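Input: a single structure, listed below in structure tokens.
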Amino acid sequence: MSEENQKPSNDNRQRQGGGQDPQLNWRGLVLFAIAFALIGGAFLFRGNNFAQIQQIQYPRFIQLVKQGKLVVTPESPLQLVVEEGRNTQYFEGKFKLPSPTTGEEIPIAFHTPIFTQFNGSEIEQVLSEAGITPAISPKSDLLASAIVSFLPIVFFLVILYFFFRSQIKMAGKGALNFGKSKARMLSKDKNRITFKDVAGVEEAKDEVQELVEFLKDPKRFQKLGGRIPKGILMVGSPGTGKTLIARAIAGEADVPFFSISGSDFVEMFVGVGASRVRDMFEQGKKSAPCLVFIDEIDAVGRHRGHGMGGGHDEREQTLNQLLVEMDGFDTQEGVIIIAATNRPDVLDPALLRPGRFDRQVTVSLPDVKGREEILKVHAKKVKIAEGVNLAVLARGTPGYSGAELANVLNEAALLAARKGMKAVGMRELEEARDKVRWGKERRSMAMSEREKISTAWHEAGHAILNVLLEHTSPLHKVTIIPRGPYLGATMYLPEGDKYSTQQKEALDLLAVTMGGRIAEEMFTKDISNGASGDIRQATSLARKMVCEWGMSSLGMISFAEGGEHVFLARDISRPREYSEHTAQQIDTEVKRIIDEAYERARVLLEQRRQTVETLAKALLEYETLDASHVKEILEHGNIQNPPVVEVAPPPLPPPPTDSAHEPQSPIKPEFPSGGLPAAAPA
């Protein structure tokens, strides 16, 4: 199912790494420039002030006095300035100086430093002869001079501190926030997903909806003594909508909702994970009651004591802190944990006990009704043509998850857009379904005539046996056009949802799987590696019948060494639970079942040799045949209603060759069988 990305709230705009992105400090640069300007202005002002007062030396001063050039008036007398504390004396006054432009004498201020101990008598004599009595003016500007001298420096240092303070705070903030939680708070107004957008998982939706109702009206449940669940663990296959349900809870519940991934707790430094767990619960306690969603909790909640390297594991320390916070001595009330995982087998048992995760919600693959509802939800965003029946598409997509169904509609929309259509029709939906499950047709792939003939006989053997045998899924289509990693495929779809496998179904499926190799050997007198996938599929199915399902002469004894998922750290130390003699018996039974299925398939194909040859020739002519065409060949010996051969569009460049795709489960008949993997060497 599709999901919309949620933006963090305005109160939580920090990066997940703790701290903000380093940016250019414009305020500091402006203050820095102002400081330089003030310092330069101070020196410039002092320089201009001394430039306006002309400084003359003592001999020149005596000469001006003798020449009568001094301007001495009551408004501007000649002053003898004595600076206290510095033992400095100087004359201040004005003298006449001819103007360089007009020649008129103008008064100019002057400044003459003297030292009365050496030339005091001479000055007194010259001034008395000129009739000038200087006015003695004591002056004490030590403090002002010190302030003027040191103030620019102090101001510069202050500006420098403010300039680097933001960088210092950022560095400290990043170090202090390293152990902070990376949980993002989702605001209700920006979260558009509600329970109306969740379809196909009604049971899971009902269980979590009860949690939302508890948060809205807890008294209704507390009257009977019920308490709020401490945690809910959602378990299911990938793509079933676990994260979507959590986002729907955030949209429905009027409480704070924090979202975090399990991998966000794990860092390269020891103790960071546990610190982030503590900080996450502290944030939740401040906002209680609240919901905390941990996606992929198996990244931090793996089984303790199964580490490969031994010693102290940082993940175990983080898990221990999570266990304590969820239900330890200091219980945090009102913080509800919702976790999602598709690997419940690797989780620690202490994490799964009641009191921590009180409820496990299984989000399974949708049934036919659920698939139809999911298609209707996603079809609202796609322009669907009239006459399209989504119920038919839902019946033809067994085993599809919600994410795959959303991808089917998206691929159909893209296919219709490439064709220039105004709406998505049923033909595009079926092609998109086949593309999602079995891969895109690779018509541009160049195959030799020999490979085409071998593939046609191979797929004809599968198709004939699939129709002849009683306990098989209905045939969908058979093709020799390369699709995905296969050179050819026989596609069959079950009539409905299958939750179990009968012994007759398994034996018939084994016979169908053997048909490709037998048909090749019958008509080419040779064999190829095109049956490698069939061999692996048949071996896995036969071994399950013997070791897990009790469908052999060994009886109802389980010889399975592990579960469906592999947990290497646990399974590598688990001893085998049966003897070497039993292992030989298991191998003998597996070989017997496969040999019997091979012989059964060979007999049936020998009896229908002409039919298989006719079907192979039809495949070479039409490349793709539906189930109705195969049945016509079986009943009438030829095709009564041949398929319409369409003109193929210009071929697109072939995709890069990937490794051969193998079916994940041998008991699901919706996977194609047979065909030479495209990546396998010829």
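The values are calculated or read from the model by the stated rules, or taken from the named source; none is laboratory data. Quick caveat, the model's predicted, so the values are computed rather than measured. Cβ placement follows ideal geometry from the backbone for every residue including glycine, while neighbour counts extend to all protein chains displayed. Accessible surface areas use protein heavy atoms only, side chains included; no ligands, DNA or RNA. Shrake-Rupley method; radii C 1.70, N 1.55, O 1.52, S 1.80 Å.
Counting only protein heavy atoms and a 1.4 Å probe, segment 329-403 has 45 square angstrom of accessible area per residue.
Put simply, the amide H of Gln55, placed in the peptide plane, has neighbours under 5 Å in His111, leaving out anything fewer than 5 places away on its chain.
Here the Karplus curve 6.51 cos²θ - 1.76 cosθ + 1.60, taken at θ = phi - 60°, turns the phi angles of segment 497-504 into couplings of 6, 10, 10, 8, 10, 7, 5, 5 Hz, with x standing for Gly and Pro. Placing a label point 7 Å from the Cα of Lys525 along the Cα-to-Cβ line, no residue of segment 596-617 has its backbone N under 16 Å from it. Residue separation of Lys376 and Arg450 scaled by 0.36 nm, minus their Cα-Cα distance, works out to 22.1 nm of gained length. Computed from label points 7 Å out along Cα-Cβ, the spacing between Gln503 and Thr133 is 14.3 nm. A cut-off of 5 Å between modelled amide H atoms, ignoring neighbours fewer than 5 places along the same chain, links Glu105 with Ser99. Along segment 291-304 the Karplus relation, 6.51 cos²θ - 1.76 cosθ + 1.60 evaluated at θ = phi - 60°, assigns HN-Hα couplings of 10, 10, 9, 10, 8, 6, 5, 5, 5, 10, x, 5, 4, 6 Hz to successive residues, with x for each Gly and Pro.
Which FRET efficiency, nearest 0.05, do Glu282 and Lys223 yield, Cβ-Cβ r, R0 51 Å? The value I calculate is 0.95.
Compute the separation of the alpha-carbon centres of segment 212-262 and segment 482-506 and state it in Å as a whole number. Here the two parts' Cα centres lie 37 Å apart. In this label model, Tyr161 and Glu203 are separated by 6.8 nm, measuring between points 7 Å along each Cα→Cβ vector. Estimated from the Cβ-Cβ distance and a Förster radius of 41 angstrom, the FRET efficiency linking Glu75 and Ser149 is about 0.80.
What the phi angles of segment 514-527 give under the Karplus curve with 6.51, -1.76 and 1.60, with θ = phi - 60°, is a coupling list of 6, x, x, 5, 5, 5, 4, 5, 5, 9, 10, 6, 8, 10 Hz, glycine and proline written as x. Please list, by residue number, everything in segment 389-410 whose backbone N is under 16 Å from a paramagnetic label point 7 Å out along Cα→Cβ of Met426. Backbone N within reach: 389-397. The peptide list 360-367, 398-405, put in order of mean Cβ contacts within 10 Å with the highest first, becomes 398-405, 360-367.
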